[in-house]
1. Starting from the Cα gyration tensor of segment A:88-315, take the square roots of the eigenvalues, sort them a ≥ b ≥ c, and report rounded, prolate or oblate (rounded when a/c is under 1.5, otherwise prolate if a/b is larger than b/c, else oblate).
2. Taking chain B as a Gaussian network, where each spring joins two C-alpha atoms under 10 Å apart, which residue of B:64, B:260, B:40 fluctuates the most?
3. Using modelled backbone amide H atoms (1.01 Å from N, in-plane), which distant-in-sequence or interchain residues come within less than 5 Å of residue A:59's amide H?
4. If you line up the long axis of helix B:195-211 against the longest principal axis of chain B, both from Cα atoms, how many degrees apart are they, to the nearest 10?
5. Quickly estimate the mean residue ellipticity at 222 nm for chain A, helices only: each DSSP H run with n ≥ 4 gives -39500 (n - 2.57), and the total goes over all residues, rounded to 500.
6. With unit charges on the beta carbon (Lys/Arg positive, Asp/Glu negative), name the residue among B:168, B:203, A:98 whose Cα is farthest towards the positive pole of the charge dipole of the protein assembly as shown.
7. Under a Cβ-only charge scheme (Lys and Arg +1, Asp and Glu -1), can you give me the dipole magnitude of segment A:69-135 about the Cα centre, in debye to the nearest 20?
8. Checking the a/c ratio against 1.5 first, then a/b against b/c, what shape does the Cα gyration tensor give for chain B?
Amino acid sequence: MSMTMIPPSQVPKTSVAHHKRRRRARKVVGYYLFVLPATLFLIIFLLYPICTMLLFSFEQVNVGGLLTGDTPFVGLENYRTVLSDPVFRSSVGSSLLFTIASLVFQFGIGFLLALLFQRRLPLVGLMRGSVMIAWMLPIVVSGTIFKWMLQSDSGIINYALQSIGVIHTPIHWLSEPKIAIWGVIIANIWIGIPFNMSLLLAGLQSISPTLYEAATVDGANSFRRLLHITLPLMRSTSLIVLMLGFIYTLNVFDLIYVITGGGPVNATEVMPLYAYNLAFVQIDLGSGSAVAALMFLLLFVVSTIYLVLIRREETA
Amino acid sequence: MSTQKKFSQTLLLTVLGLFCMAIMLFPLYWVIVSSLKNTVELFRSPPTLFPQQIDWSPYIANFVQNQDMLHYMGNSLQIAVGTMLLSLLLGTPIAYGLARLPVGGKNVFLLAFLVAQMFPSIMLALPLFVMFTRIGLMNTLLAVILAITTRTLPFAVLVLRPFFLSLPRELEDAAFIDGCGLWGSFYRIILPLSRPGLLTVAVLTFLMGWSDFLFPLAFISDDTKRPLTLGLYKFISEYGTRWNDLMAVSTVAALPIILVFMFAQRYVTSGLVAGAVKD
């Protein structure tokens, strides 16, 4: 209060600076208070659980230990159990097939759609927007829809393929072990196209139109413009889309759980499903955690490769 | 290029675009149509593209006569609203703090959020299951809300921060001169100006809460606490072949998303893109 009584001209200069600095410092502390609640929340419910999970992967955690907290340390035993399980090895194979096949088609179709929807067409806003709905539907609902469409005798997909003459006898999409994984891949492609399309579209729109104009003046046709301008400039966007896509697709759980439940005979049991079955069906949380830790390792390797590629891109 | 050639090219591409859109929307159309067919028509070959006779009985059987699904919807609604409120309550201040703080440690936070978004839910479900068992939160909607918020919160921050960054600082300085504190200017000046961003986050976190499946699957065994996604799944395993019932329940579970796309699509699509790539 006494401060306000002194006319500003009489306040010594140093005191003003000091006061200002103190107010700035108080403000910084104030801003940290804004950051605090969410940080605490994420430490308790995200960081701490992930650390305990890594710890569990070296311990024996069963129903009894769950309640009493008695979880003996077993070293690498869980990892040894998991790695020697043939179901685990097949789950790694299924995961990689599922992820890579999904990515190739999602990205390819998404890129073509982005090129189309980038143009100034009538109704293009409606087209871009309504395509996104596939991504936002609850996965359980999308799973149910595809389970119905993939039925071998009454499913619309077999009917459509038969009526255009691609196949002559119905495909047993979900009951034949070798084919079932392709059934869930088809469903996942549909879900993933909007994600790829929207990010690639944002990338395409950030390319300066003057580049295309200059190329047109120089006599480049639309194919050459695509090859020499669009594709090189889309490389870093494509990299991030592919990396995010890899991470999201490797983590897919609900879709497969709903459509096939991992069957027939483990044919679609990808790594997240395998971890779930170990942890929540067999109540062996130690081994389940070991699988989750191995998934984490795989994602870590992929992200590192991405960072190396991105750095090379930036220095080049 | 002559105008006529250009016109026909545009026409061709528009038709192609509409065709792609139709294919992408077909599964959704098919589930709605299937839910309105009677059992005989449902399995008829060749399938009918439009129900010849609209049959509401799956809806009446599952939402009027049997009240289970309504109950599940109530639970889903509570989870969705809870997730939305908690995400906004925690996410808004931190996004603002990170937008205004001087550099120190800010990049660490942003990187952490980017990484946090990528953790497989299954990796989180496992230790949270143990944690919630020990503190007695199993079989509660709160457990599900807390778990989903760990996924939605980083997303909310990544969407909201650019909004706060785009607001001119002069507004807050003016508020400080007028005697507002930090929280005062945040509440009175910043929040009202960021309504579009808040709306985007509210809608998307609501939908994420509504759609989640893994966390309820892991934490909820009591039938009265099940959300609709679990109810639908239970339905698949119990009545595997009653497709028209399944389609009716699926349609209702998809309804909030369809409504959002009809009335608030603008907010949603921009938010989805921002949340995925902004760094």
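Quick note: the coordinates plus some simple rules give every number you see, no bench work behind them. Just so you know, these numbers come straight off a predicted model, no measurement behind them. Note that we place each Cβ from the backbone using ideal geometry, even for glycine, and neighbour counts take in every protein chain shown.
1. On the way: a/c = 2.51, a/b = 1.43, b/c = 1.76.
Cα axes put segment A:88-315 in the oblate bin.
2. B:40
3. Excluding prolines and chain starts, which carry no amide H, the hits are A:74.
4. The helix B:195-211 is inclined about 40 degrees to chain B.
5. Details: 17 runs with 220 residues, N = 316.
For chain A, the value works out to -22000 deg cm²/dmol.
6. Highest projection toward the positive end goes to B:168.
7. Working: 5 positive and 3 negative charges, 124 e Å.
Charge dipole, segment A:69-135, about its Cα centre: 600 debye, nearest 20.
8. Details: a/c = 2.40, a/b = 1.32, b/c = 1.83.
Oblate, since a/c reaches 1.5 and b/c is not below a/b.
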